[in-house]
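Q: Attaching a single structure in structure tokens format; questions to follow.
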Amino acid sequence: MTISFRTRLIAVAALVVTGVLSAVLALVWSNVRRVEFERLEARLCLEARRLASQRFDVEEAGRLEVDVMGKLRLGDPTQLMLRIEPIGAPAYLSAQWRAGPRIDDLHWAPMAERKGELASEPPRPEHPPPGGNKRTPAPPALPGPPPRTRCSLASFEYAGAGWHAALVAGPEGRGVVAADAAAAADELLPVLRGTLGIVVPLALGLVAIGAWLLSAVSMRPVSRLREAMKSVSQKDLSRRLESRNEDREFQELIGAYNAMLERLQASFEQASRFSADAAHELRTPLTILQGRLEQAIHKSEKRAIQSDLTDMLDELGRLAGVTRKLLLLSQADAGHLALHRKRVDLTDLLGTLVNDAQMLVTDQTVTSAIEPGLSVNGDALLLRQLLNNLVSNAVRY
């Protein structure tokens, strides 16, 4: 089963675009997940810092857990782990953490400082007043917020899911918050599916339209070449294709086609000229021989010699007929065949040809039904040759 070039081009373009689009979407999804995980870790650090800097009662644990879930945008309590270790008080562990990993077994790494945060600058000394050498002491520094406690991050596997955790050691104790990493991805999946449902069909539709238009433009020189090949005949080999405004590849193809047509035309013209020249060259000696044989027949008195000369004259007539046919074919191929039209009696011509055909066969009988009075306006010589070929083929085959 063969398919068209346009269908193949559309299929290849669709496959390429699908592959590229899949790779781009995979890269975008990976980057979005990475950014979302970074944002999740930043929120985990904020919540862990809040837990480590304040004291909470056990009665407030339920409300605190709901509050942290809302700030981390978690939809299920099983996606959250809390651990509060206040100084001088018993630690609080959420239900998930009680069966979870130990804090000291995790690999904690400090969180990098965010870009854009500026370090506190030391106070600048004031310039001395003009005319004096004494410096005015700098005013005492105003009390500011305490320095931020450092946040450490860790990742671990628990219950078949990946978790991200943040640990902050503050003045009131330690606070640890962990969240299921899949929760961050679950929030993005509906958005991704909705986007893909719009982008993918639109991209494939645009690719199909673009490939169809591209194939139409690309096939234009091929269509011209195909139509030119269909119009080539032995009587018109002089047509050439113009390749001035075509692409380089099609210029080479059209050039090869024109060169092939040049060689074909030269070979055909050479063969036609040779046939015509050979026929013209043979006509003169054959005419001379025919005349000499006729004179020899009239001058000869012996019956045997006259019979031999008559047979030779018949063979010479056949050779002259072959020469005339060769000349006619060369003229017909070259498109220069001259027709000598006159009124031809087809009934008499066909009767003669049928009688000649009966003499060629010995064990067969040639029958015919020819209407009387048939006539046509045409070339008698060519009609005789045409009908003779038909009758000879009928008898032979």
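Q: Sort out which residues of segment 238-279 are open to solvent by 100 Å² or more (accessible area, probe 1.4 Å) and within 30 Å of residue 321 (Cβ to Cβ), and write them in order of number.
A: 270, 273, 274, listed by residue number.
Q: Is there a residue being open to solvent by 80 Å² or more (accessible area, probe 1.4 Å), under 24 Å from residue 273 (Cα atoms), part of a loop (DSSP other than H, G, I, E, B) and in contact with a helix residue (DSSP H, G or I) (Cβ under 8 Å, 6 or more places away or on another chain) anywhere in segment 364-378? Break it down stepwise before answering.
A: So the first thing to find is which residues in segment 364-378 are open to solvent by 80 Å² or more (accessible area, probe 1.4 Å), and the list is 364-365, 367, 369, 371-372, 377.
Imposing the further condition that a residue be under 24 Å from residue 273 (Cα atoms) reduces the set to none.
No, every residue in segment 364-378 fails to be open to solvent by 80 Å² or more (accessible area, probe 1.4 Å), under 24 Å from residue 273 (Cα atoms), part of a loop (DSSP other than H, G, I, E, B) and in contact with a helix residue (DSSP H, G or I) (Cβ under 8 Å, 6 or more places away or on another chain).
Q: Which condition breaks for residue 337 when tested against (1) at pLDDT 75 or above; (2) not in a helix (DSSP H, G or I)?
A: The failed condition is (1).
Quick grid of which residues meet (1) outside any helix (DSSP H, G or I); (2) surrounded by 11 or more Cβ atoms within 10 Å (Cβ to Cβ); (3) touching a strand residue (DSSP E or B) at 6+ places or on another chain (Cβ under 9 Å); (4) of a type in the set (Val, Ile, Thr):
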position	(1), (2), (3), (4)
304	no, no, no, no
313	no, yes, no, no
354	no, yes, no, yes
358	no, yes, no, no
385	no, yes, no, no
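Q: Looking only at segment 73-95, which residues are outside any strand (DSSP E or B) and either touching a Leu at 6+ places or on another chain (Cβ under 7 Å) or under 23 Å from residue 171 (Cβ atoms) (or both)? Before the answer, list the steps.
A: Taking segment 73-95 as the starting set, the residues that turn out to be outside any strand (DSSP E or B) are 73-79, 87-91, 94-95.
If the condition is that a residue be outside any strand (DSSP E or B) and either touching a Leu at 6+ places or on another chain (Cβ under 7 Å) or under 23 Å from residue 171 (Cβ atoms) (or both), then 74, 87, 88, 89, 90, 91, 94 are the ones that fit.
Q: Please go through segment 11-51 and give me each residue that is of a type in the set (Ser, Thr, Tyr) and under 30 Å from residue 69 (Cβ atoms), ordered by number.
A: 30
Q: List every residue pair whose Cβ atoms lie under 8 Å apart, where the two residues are 6 or more positions apart in sequence or sit on different chains, the first residue falls within segment 200-219 and is touching a residue at least 60 places away in the same chain (Cβ under 8 Å) and at negative phi, and the second residue, located anywhere, is aliphatic (A, V, I, L, M) and not in a helix (DSSP H, G or I).
A: Final answer for the pair search is none.
Q: Condition first: open to solvent by 70 Å² or more (accessible area, probe 1.4 Å), free of Cβ contacts under 8 Å to residues at least 40 places away in the same chain and within 51 Å of the chain's Cα centre (by Cα). Can you find one or more residues in segment 71-82 that meet it?
A: Yes; the residues of segment 71-82 include at least one that is open to solvent by 70 Å² or more (accessible area, probe 1.4 Å), free of Cβ contacts under 8 Å to residues at least 40 places away in the same chain and within 51 Å of the chain's Cα centre (by Cα).
Q: Got at least one residue in segment 342-352 being in contact with a Gly (Cβ under 7 Å, 6 or more places away or on another chain) and in contact (Cβ under 8 Å) with a residue 24 or more places away in the chain? Steps first, please.
A: We begin by selecting, within segment 342-352, every residue in contact with a Gly (Cβ under 7 Å, 6 or more places away or on another chain); these are 344, 347.
From the residues that got through so far, the ones that are in contact (Cβ under 8 Å) with a residue 24 or more places away in the chain too are 344, 347.
Taking every residue of segment 342-352 in turn, at least one turns out to be in contact with a Gly (Cβ under 7 Å, 6 or more places away or on another chain) and in contact (Cβ under 8 Å) with a residue 24 or more places away in the chain.
Q: Return the total of residues in segment 23-39 being open to solvent by 60 Å² or more (accessible area, probe 1.4 Å) and within 29 Å of residue 174 (Cα to Cα).
A: Of the residues in that region, 5 qualify.
Q: Would you point out which residue out of 149, 136 is in contact with a strand residue (DSSP E or B) (Cβ under 9 Å, 6 or more places away or on another chain), surrounded by 11 or more Cβ atoms within 10 Å (Cβ to Cβ), modelled with pLDDT under 85 and not hydrophobic (A, V, I, L, M, F, W, C)?
A: Numbers: 136 fails: in contact with a strand residue (DSSP E or B) (Cβ under 9 Å, 6 or more places away or on another chain).
Matching residue, one of 149, 136: 149.
Q: Of the residues that make up segment 40-61, is at least one within 39 Å of the chain's Cα centre (by Cα), open to solvent by 40 Å² or more (accessible area, probe 1.4 Å), farther than 30 Å from residue 223 by Cβ and modelled with pLDDT under 85? Walk me through how you get there before you give the answer.
A: Keep residues of segment 40-61 that are within 39 Å of the chain's Cα centre (by Cα), which gives none.
The answer is no; no qualifying residue exists.
Q: Return yes or no: is residue 174 surrounded by 15 or more Cβ atoms within 10 Å (Cβ to Cβ), in contact with an Asp or Glu (Cβ under 6 Å, 6 or more places away or on another chain) and either of a type outside the set (A, V, I, L, M) or not in a helix (DSSP H, G or I) (or both)?
A: Details: surrounded by 15 or more Cβ atoms within 10 Å (Cβ to Cβ): yes; in contact with an Asp or Glu (Cβ under 6 Å, 6 or more places away or on another chain): yes; either of a type outside the set (A, V, I, L, M) or not in a helix (DSSP H, G or I) (or both): yes.
So residue 174 fits the description; yes.
Q: Sticking with this structure for a sec: Pick out the one residue from 169, 154 that is under 21 Å from residue 32 (Cα atoms) and modelled with pLDDT of 80 or more. Lay out the reasoning, then the answer.
A: Working: 169 fails: under 21 Å from residue 32 (Cα atoms).
Of 169, 154, the one residue that is under 21 Å from residue 32 (Cα atoms) and modelled with pLDDT of 80 or more is 154.
The values are calculated or read from the model by the stated rules, or taken from the named source; none is laboratory data. The shown structure was predicted, so the numbers you read here are calculated from the model rather than taken from an experiment. Cβ atoms come from the backbone with ideal geometry, glycine included; neighbour counts cover every protein chain shown. Keep in mind that these areas ignore ligands, DNA and RNA; they rest on the heavy atoms of the full protein, side chains included. Shrake-Rupley method; radii C 1.70, N 1.55, O 1.52, S 1.80 Å.
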